[in-house]
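For reference, the structure is listed below as structure tokens.
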Amino acid sequence: LCVSPGQLYGDILYFVTAARAGWAHSDPRPLYFWGYFVGLNALWLLVPALLLLDAGHQLATAQRGHDRPRHKGH
């Protein structure tokens, strides 16, 4: 939950700076560009995003369990 936003920020920054430079530091061949540069780096967007979603789901489940009224046994 704490590390994933930083990873997302770093990867977005990586893509944005490459785009602003006009992709000058990337190999122009389509297979390299789309397969390696975009495809493999997109995994580093997908993994932290999925981990954030899972953490949010786990937190919401825990909060619902905490908010549920407790029945007192006699």
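The values are calculated or read from the model by the stated rules, or taken from the named source; none is laboratory data. Note that the coordinates shown come from a computational prediction; the quantities given were computed from them, not determined experimentally. All Cβ positions, glycine included, derive from the backbone under ideal geometry; neighbour counts span all protein chains shown. The area values use the complete protein model at the heavy-atom level, side chains included, leaving out ligands, DNA and RNA. Shrake-Rupley method; radii C 1.70, N 1.55, O 1.52, S 1.80 Å.
Tabulated values for the structure
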| quantity | calculated |
| --- | --- |
| Any chance Y32 is open to solvent by less than 90 Å² (accessible area, probe 1.4 Å), more than 17 Å from Y9 (Cβ to Cβ), aromatic (F, W, Y) and in a helix (DSSP H, G or I) | yes |
| Count of region 1-22 residues which are in contact with a helix residue (DSSP H, G or I) (Cβ under 9 Å, 6 or more places away or on another chain), free of Cβ contacts under 8 Å to residues at least 40 places away in the same chain and open to solvent by 80 Å² or more (accessible area, probe 1.4 Å) | 2 |
| Residue within region 63-70 that is at pLDDT 90 or above, surrounded by 11 or more Cβ atoms within 10 Å (Cβ to Cβ) and part of a helix (DSSP H, G or I) present | no |
